[in-house]
């Protein structure tokens, strides 16, 4: 009787182990199935998203002559005086990208006969614009032949000029600034009478 009891106990133990192994195997299979399904879902989502994605190319260049230029433009005029030859600088803009580009510019600083005005330091952008447009007998102008560049092969042109006609229409201003310009050139022959810094901007049209 004792021997039979031991055999039954062993059989029960073996049956319990088999059930435990089967249950554990089943749990592992379920877990693996869940992870594999999630991994496939993530992979499929990323692939489909990647296939439908499109990034618009942006390729705008600024050139002075045949040389590529930066968008921070520095203008130096050695001497200024009534009747001076008009100073002109041209910057070509080319748009080889897929989006239309809006062209604008901002004045950053102006130095006239040693007096420097810089946006954010000793004047605002509006004050600098007003000074450039209204305070001198000579004229500083920036023109853009196109405010928008077509995509793929659009071309535009920034033209920067400094002009002082022999008679600006204001004799008093011509005399005052003419004398100051002469004195400055005599005292500082190696320095520019006028220095202008501006920033050219090409933005994707929204």
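Please treat every number below as a calculation from the coordinates, not as lab data. From a predicted model like this one, the values you see are computed outputs, not experimental measurements. For neighbour counting, all protein chains shown are included, and Cβ atoms are generated from backbone atoms with ideal geometry for every residue, glycine included.
Structural remarks
- Extended-chain gain in nm, criterion 0.36 nm per residue less alpha-carbon gap, residue 121 and residue 106: 3.9 nm
- FRET efficiency for residue 153 and residue 86, using Cβ-Cβ distance with R0 set to 25 Å, rounded to 0.05: 0.20
- Seen from a random direction on average, the alpha-carbon convex hull of the range 60-204 projects onto 9.4 square nanometres.
- Placing a pseudo-label 7 Å from each Cα along the Cα-to-Cβ vector at residue 191 and residue 71 gives an inter-label distance of 3.1 nm.
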